Amino acid sequence: MDSPKISPENRISPEKKRIAIIPGDGIGQEVIPQAVKVIQASGADVELTDFDWGADRYLRDQTTVPAGGFATLARDFDAILVGAFGDPRVKTNIHAKEILLGMRFTMDLYANVRPVRLLDAALCPLKGIEPQDIDFVVIRENTEGVYTDAGGVFKQGTPDEIATQEDLNTRKGVERIIRYAFEYCRHNKKQDGSPRAKVLMCDKSNAMTHAGGLWQRAFKEVSAEYPHIAAQHMYVDALAMQMVRDPRQFDVIVTNNMFGDILTDLAAGLQGGLGMAASGNIHPGKTSMFEPVHGSAPPIAGKNVANPFGAILTAAMMLAHWGMRREAEKIEAAVLEAVREKKTTQDIGGPLGTREAGEWVASRVLSY
Ligand code: NAD
Ligand code: IPM
Ligand code: MN
């Protein structure tokens, strides 16, 4: 069993970090260059290598992941910075599945860490909510569940067609993500400097009793190892309602792959929309992958309107993961300033384009 240590003083050594840059499709190609610009402005000691994996490459030569691709990423890079995958020209979405889910599964990036922070009251659609009211994190299991796509179709195209979609949960997988959540709680503080204190496990064990039972048992056992952290539980439907009614109550939420996917889009809504949400796909001690929560947003792609802040905050998360706290803090401070000064894209109320918003943040970062 891995024993994650997720302290800010990270385990990876502080020399030059090698980052694989995979912008992917749609707005990924617009927001990632802005994130790169900001990383460079931060003074972080990094070496960047571009990868062309995505729909264009797939349509050109049918390659999703070149032979040995994941091994190269794991061996030659300290992290991967990803944009998004999904293109209307690839109806099967096969490239997204093989590249994105391929990285998560093959590289065993089991913890999908999705911080939920409100930078400014004006960004939240809820009434009377201040930035300090929304500061929680969703720790999403990232290698199991229905995402394994186990199952099949029988008698396809007939009136008797049957489709099964298995929800795969292993004791090892469930236990390690729950332990990751407790370790995260133990080692990370809230934005205001106060300690994190609660881990809430979210499932649907009242209906899905087999998988739910395993999550319940593992949670009970792992939580007993952390007597100073409050252990709580909520069913996913109730949690979705509570997230909208009273997001103040949340601290660290741990859940399965699919619930985590859905809840983090909802949570992005609390932060100002998908353009504001950051994430990391992490296996402690291994090459991890960082990507904004949003997708490729085909309808707005190529128009210089996509919000780059989710990608920029994702870059900050990557630097913080290595212990480059000063660089990460500069980036976060510049994004906060941009939001307050309305130097943003239109989705969050500003007049700027993707490039201009990215350049504004980069120039602030340079000035600190
Ligand atoms: P999406 O996140 O691309 O877009 C959802 C909505 O949010 C759209 O209205 C879009 O315009 C808006 N939006 C998203 N990011 C934005 C940004 N940075 N700035 C401003 N507005 C933004 O999700 P979708 O429409 O459900 O999916 C589109 C494609 O992206 C699909 O192919 C999907 O599979 C894929 N996708 C990929 C990832 C990923 O690679 N990590 C994540 C989610 C969806
Ligand atoms: C995300 C995305 C992916 C997921 C899709 C593109 C497979 O929605 O990263 O949240 O469901 O995990
Ligand atoms: Mn999603």
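Here are a few things to note about the model shown:
- Share of pairwise Cα-Cα distances greater than 29 Å in the chain is 40 percent (whole percent).
- The GluC sites (Glu not before Pro) found in segment 93-172 that occupy coil by DSSP, while having at most 12 further C-beta atoms within 10 Å, are Glu161.
- In sequence order, calculated HN-Hα J values of segment 297-312 (Karplus, 6.51, -1.76, 1.60; Hz; x Gly/Pro): 6, x, x, 10, 5, x, 10, 6, 10, 5, 6, x, 5, x, 5, 5
- Highest-fluctuation residue, Pro227, Pro23, Pro88 considered, GNM on the chain with Cα pairs under 10 Å: Pro227
- Set of lysines with alpha-carbon distance to Lys155 below 25 Å, sequence-local pairs under 8 removed: Lys91, Lys97
- DSSP beta bridges fully contained in segment 125-270 are about 30 percent antiparallel.
- Cα Rg, Dmax (largest Cα-Cα span) when computed across segment 288-368, Å: 12.7, 37
- Rounded FRET efficiency, nearest 0.05, which uses the C-beta distance separating Gln249 from Thr170 and R0 of 30 Å: 0.50
- Spatial separation of Cα centroids for segment 64-128 and segment 220-292, in angstrom: 16 Å
- Taking segment 194-222 and a reference point 7 angstrom along Cα→Cβ of Ile262, the backbone N atoms nearer than 15 Å belong to 202-209, 212.
- Converting phi to 3J(HN,Hα) with the Karplus coefficients 6.51, -1.76 and 1.60 and the offset θ = phi - 60°, segment 95-112 yields 5, 5, 5, 6, 7, 6, 5, x, 4, 4, 7, 5, 8, 6, 7, 7, 10, 9 Hz in sequence order, with x at every glycine or proline.
- Inter-label distance, nm, simple model (7 Å from Cα along the C-beta direction), Ala121/Glu221: 4.7 nm
- Over segment 209-368: Rg over Rh, Cα atoms, Kirkwood Rh: 1.02
- For segment 21-33, 3J(HN,Hα) per residue [Karplus equation, 6.51 cos²θ - 1.76 cosθ + 1.60, θ = phi - 60°, Hz, x = Gly/Pro]: 9, 10, x, x, 10, x, 5, x, 6, 9, 7, 5, x
- Taking amide H positions as modeled 1.01 Å from N, with prolines and chain starts lacking one, the residues under 5 Å from Leu81 and 5 or more places away or on another chain are Ala20, Ile21, Ile22, Phe290.
- The chain: most fluctuating residue of Phe77, Phe290, Phe154 per GNM, C-alpha cutoff 10 Å: Phe154
- 19 Å tail of the calculated P(r), segment 125-270, as % of Cα pairs: 55 percent
- Listed pairs Lys16/Lys190; Lys190/Lys343; Lys172/Lys198; Lys127/Lys330; Lys204/Lys286; Lys189/Lys342 exceeding 24 Å between Cα atoms: Lys16/Lys190; Lys190/Lys343; Lys127/Lys330; Lys204/Lys286; Lys189/Lys342
- Distances between placed amide hydrogens fall under 5 Å for Trp53 paired with no residue 5 or more residues away or on another chain.
- Value at 222 nm in deg cm²/dmol, rounded to 500, when DSSP H runs of n ≥ 4 in the chain each add -39,500 (n - 2.57): -11500 deg cm²/dmol
Only the coordinates and a few stated rules stand behind these numbers; no lab work does. Everything quoted here is computed from the prediction, not taken from an experiment. Every residue, glycine among them, receives a Cβ derived from its backbone with ideal geometry; neighbour counts consider all protein chains shown.
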